[in-house]
Amino acid sequence: MAQKNNDEQFKNVISHAKEYGFVFQSSEIYDGLSAVYDYGQNGAELKNNIKTYWWKAMVQMHENIVGIDSAIFMHPKIWKASGHVDGFNDPMIDNKDSKKRYRADQLLEDKITKYEKDGKTDKAAKLQSDMDTALQAEDLPQLKTLIEEHEIACPVSGTKNWTDVRQFNLMFSTQFGAMAEGSDEIYLRPETAQGIFVNFLNVQKSGRMKIPFGIAQIGKAFRNEVIARQFIMRMREFEQMEMQFFVRPGEDQKWFEYWKEARLKWHKALGTPAEKYRFHDHVKLAHYANAATDIEFEFPFGFKEVEGIHSRTDFDLSQHQAFSNKKMQYFDNDLNEEGKPYGNYIPYVIETSIGLDRMFLLTMINAFEVEDLSTDEKQDSRTVLHLHPALAPVKVAIFPLTKKDGLPEKARLIMDTLKFDFNCTFEEKDAIGKRYRRQDAIGTPFCVTVDHQSLEDDTVTIRHRDSMAQERVAIADLGRIIGEQVSWKNLLG
Ligand code: GAP
């Protein structure tokens, strides 16, 4: 029953996102492009506000973190050095009857979830461990054996007629340069992090940055995901917000713990109930990492990763030093002052990496509520997005009570003073109640109604989204009242 409600809630969020201009299927009039989405008028605003929250928390609030914007196209050798050309693969398997393709590990994950739901925890744990071992060893035949042993059938054909498991590289490639001859195969970046690594010394030298320091960036990443599902959870084109924090070797564990806590605090500041989040520490680590954890959120389809915090040692910078033949070392003058032997070293790196689209989905799910407003006399409900006011796409909606008697003109004058500081909207159609509902549905925290009294005493009613309470205030106070509620200080302070 709970799962049914969760599925229902998720479906409602998806249709609400479309109906109210948050997210559209890409190329919809051509029947869509799988796992690619467009953000509509309200989605673009919400997305920008999430970016701003992240950028301010990471860059503006830290004297030792700066932001960059590196290109999507990068030298192909970068992806050889980073390990993506050889190792950025998913194990895939096809069902011969339905011709459908799956990620082998995903089929096994689904089976583990099923065992857990059925109370077969021992079986679930054993399969998890066997799968992890096979993935770590890149033992593809063993993955197929596990699928067969656990009698996993294709969800479409219902048969167990499987091909062998093969590796599938997730990077998109294209030709760089107009001439067929001499043009090179390059890749659309699968993560933004490498743009930071290869600019490490440019930023350090031009900004005279001292370790420990960080470089942050927000940008698009592309992955040819074998299967894409759960709406904007797993996309082929998506956005990341990543920060690489460069530290002294030996201080990496301390900073790893620091960033774990700092990032969870960032999430919780939005008012999300604490029990909706958890850390998932990686037991089996990637070859370059000495610690890693995921921040997971409880989506309607279970706890899933939103952000990764990885202690990546000096792997990436060392690889770029080896592949580019350029020194990637940092001269630590402070060590000398502290009486320690100084010298050049390749810094260690703690990475925080969050998917913007997943954060967007999480925010929509968290905010969405169909509120029962029924009384003894009549049935009623409203759909409301309880977005944090700082994230809301529109901060204030301004309504003249009627379309005549100079009320629209007065309302426009108010909008003309507020619009420099706040994203405003103007609506004069329909009854006020209907207008409130439309704004509730996109999460607008304030609605301001201009009536005949406003013409006499320069006051208006301001209506608060969550409590639906209304109060009469002076027009001159509107900027302060709204400003206090939507201030970034409420999130960052
Ligand atoms: N530089 C490290 C890195 O890219 P990752 O765990 O592969 O690490 C980081 O990705 C975050 O990017 C994930 O936690 C997730 O939120 C987001 N992400 C990854 N693949 C995604 C996809 N196909 N669609 C949407 N978001 C994705």
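The values are calculated or read from the model by the stated rules, or taken from the named source; none is laboratory data. Model, not experiment: these values are computed from the prediction. Quick reminder, even Gly has a Cβ in these numbers, built from the backbone with ideal geometry, and neighbours come from all protein chains shown.
Okay, residues lined up against (1) away from the ligand (no atom under 16 Å from the Cβ); (2) part of a helix (DSSP H, G or I); (3) buried (at least 16 other Cβ atoms within 10 Å of the Cβ); (4) of a type in the set (Gly, Ala, Ser):
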| site | (1), (2), (3), (4) |
| --- | --- |
| Glu109 | no, yes, no, no |
| Leu135 | no, yes, yes, no |
| Leu146 | yes, yes, yes, no |
| Ser157 | yes, no, no, yes |
Original post:
What is the number of the single condition among (1) assigned to a loop (DSSP other than H, G, I, E, B); (2) in contact with a strand residue (DSSP E or B) (Cβ under 7 Å, 6 or more places away or on another chain); (3) acidic (Asp, Glu) that Glu151 does not meet?
Top reply: (2)
Original post:
Which condition breaks for Ala411 when tested against (1) assigned to a helix (DSSP H, G or I); (2) in contact with a Lys or Arg (Cβ under 8 Å, 6 or more places away or on another chain)?
Top reply: (2)
**OP:** From (1) more than 16 Å from the ligand (Cβ to nearest atom); (2) touching a residue at least 12 places away in the same chain (Cβ under 8 Å); (3) farther than 30 Å from His320 by Cα, pick out the condition that doesn't hold for Ala57.
**Re:** (3)
Subject >> Evaluation of Ile227 against (1) β-branched (Val, Ile, Thr); (2) under 18 Å from Met58 (Cβ atoms); (3) within 12 Å of the ligand (Cβ to nearest atom) (one fails), failing number >> reply: (2)
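One line per residue, one yes/no per condition, for (1) under 27 Å from Gly195 (Cβ atoms); (2) among the polar types (S, T, N, Q):
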| position | (1), (2) |
| --- | --- |
| Lys56 | yes, no |
| Asn64 | yes, yes |
| Asp94 | no, no |
| Lys100 | no, no |
Subject >> Failed item, numbered, when Tyr187 is tested on (1) touching a Leu at 6+ places or on another chain (Cβ under 8 Å); (2) within 16 Å of the ligand (Cβ to nearest atom) >> reply: (1)
**OP:** Go through segment 399-427 residue by residue and tally those that are touching a residue at least 60 places away in the same chain (Cβ under 8 Å) and surrounded by fewer than 13 Cβ atoms within 10 Å (Cβ to Cβ).
**Re:** 0
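Tell me yes or no: at least one residue of segment 377-398 is away from the ligand (no atom under 16 Å from the Cβ), assigned to a helix (DSSP H, G or I) and within 25 Å of Asn42 (Cα to Cα).
Taking segment 377-398 as the starting set, the residues that turn out to be away from the ligand (no atom under 16 Å from the Cβ) are 377-398.
If we keep only those that are assigned to a helix (DSSP H, G or I) as well, we get none.
No, there is no match, as no residue in segment 377-398 is away from the ligand (no atom under 16 Å from the Cβ), assigned to a helix (DSSP H, G or I) and within 25 Å of Asn42 (Cα to Cα).
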Subject >> Test: residue in segment 114-135 that is under 30 Å from Glu185 (Cβ atoms) and either at pLDDT 95 or above or of a type in the set (Asp, Glu) (or both) >> reply: no
Original post:
Taking segment 295-304 as the search range and keeping residues that are more than 13 Å from His267 (Cα to Cα) and within 12 Å of the ligand (Cβ to nearest atom), which one is surrounded by the fewest Cβ atoms within 10 Å (Cβ to Cβ)?
Top reply: Lys304
**OP:** Determine which single condition Trp259 fails, assuming it passes every other condition in (1) farther than 30 Å from Leu492 by Cα; (2) at pLDDT 95 or above; (3) hydrophobic (A, V, I, L, M, F, W, C); (4) away from the ligand (no atom under 13 Å from the Cβ).
**Re:** (1)
**OP:** Taking the residues in segment 285-294 that are outside any strand (DSSP E or B) and in contact with a strand residue (DSSP E or B) (Cβ under 8 Å, 6 or more places away or on another chain) as candidates, determine which candidate is farthest from the ligand (Cβ to nearest atom).
**Re:** Asn290
Original post:
For Arg248, all conditions in the list (1) within 30 Å of Tyr37 (Cα to Cα); (2) more than 16 Å from the ligand (Cβ to nearest atom) hold save one; what is the number of the exception?
Top reply: (1)
Original post:
Somewhere in segment 329-342, is a residue part of a strand (DSSP E or B), free of Cβ contacts under 8 Å to residues at least 40 places away in the same chain and out of contact with any Cys (no Cβ under 9 Å at 6 or more places or on another chain)?
Top reply: yes
**OP:** Return the only residue of Asp31, Asp38, Asp105, Asp90 being without any contact (Cβ under 8 Å) to a residue 60 or more places away in the chain, surrounded by 16 or more Cβ atoms within 10 Å (Cβ to Cβ) and not β-branched (Val, Ile, Thr).
**Re:** Asp105
